[in-house]
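> Below is the structure I would like to discuss, written out as structure tokens.
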Amino acid sequence: MRYHLEPYIPDFAEFEEARGLYVLEIGVGLGADHQKFSEADAALWGVDLTERAMAHTRRRLAAFGLHSHLAVGDAEALDFEDETFDCVYAWGVLYHSPNTPKTIGEVWRVLKRGGEGGGKRRS
């Protein structure tokens, strides 16, 4: 249903290109996009502000025999080393932060040089 209502997400996210990449999704929600990254065999991490979202996503992935490193976390203070991820993905999440510039700064901090965040290649 998600991709019926928002058919442009798969083209933007390029889930199938994530194989073997270190991917962080910020704001996993119910886990639909997270599932697609996991199905593509990404090395996958996900954070969300709520334990409820983590529980939904864990159940969803378990139902399909998929795996991710999931944790409750705040996008304004990501608990990862600098330049950890090849791709940082968020859909409809980052602008909800009380401090959006800080959140964007965190995305750039954890993104590897040459990685992808927000659909743009980092140089």
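Derivation of every value follows stated rules applied to the coordinates shown; laboratory data play no part. All values reported here derive from a predicted model rather than from experimental measurement. Cβ placement follows ideal geometry from the backbone for every residue including glycine, while neighbour counts extend to all protein chains displayed.
> Residue-wise, which Karplus ³J(HN,Hα) couplings in Hz belong to the range 76-84, taking 6.51 cos²θ - 1.76 cosθ + 1.60, θ = phi - 60°, and x for glycine or proline?
Coupling constants for the range 76-84: 7, 8, 5, 8, 9, 5, 4, 6, 8 Hz.
> If you don't mind, there's one more thing I want to ask. With runs of 4+ DSSP H residues as the only contributors, calculate the mean residue ellipticity of the chain at 222 nm using -39,500 (n - 2.57) per run, divided by the residue total and rounded to the nearest 500.
After summing the helix terms and dividing by residue count, I get -9000 deg cm²/dmol.
> Give, as a single signed number, the net charge of other residues whose beta carbon lies under 9 Å from the beta carbon of Phe15, with Lys and Arg counted +1 and Asp and Glu -1.
Net charge in that neighbourhood comes out at -4.
> Sequence-distant or interchain residues sharing an amide H contact under 5 Å with Gly29, placed H: which?
Distant-sequence amide H within range of Gly29: zero hits.
> Now for a separate question. Can you list the HN-Hα couplings for the range 35-52, worked out from phi with the Karplus curve (6.51, -1.76, 1.60; θ = phi - 60°), rounded to whole Hz and with x for Gly and Pro?
For the range 35-52, the Karplus-derived couplings read 4, 5, 5, 5, 4, 7, 6, 7, 7, 10, 10, x, 10, 8, 5, 10, 5, 4 Hz, x marking Gly and Pro.
> Here's a follow-up. Output the relative contact order of the chain, whole-number percent, from Cα pairs under 8 angstrom with separation of 6+ residues.
Relative contact order comes out at 23 percent.
> What is the fewest-to-most order of Glu16, Glu81 by other Cβ atoms lying within 10 Å of their Cβ?
So the residues, fewest neighbours to most, are Glu81, Glu16.
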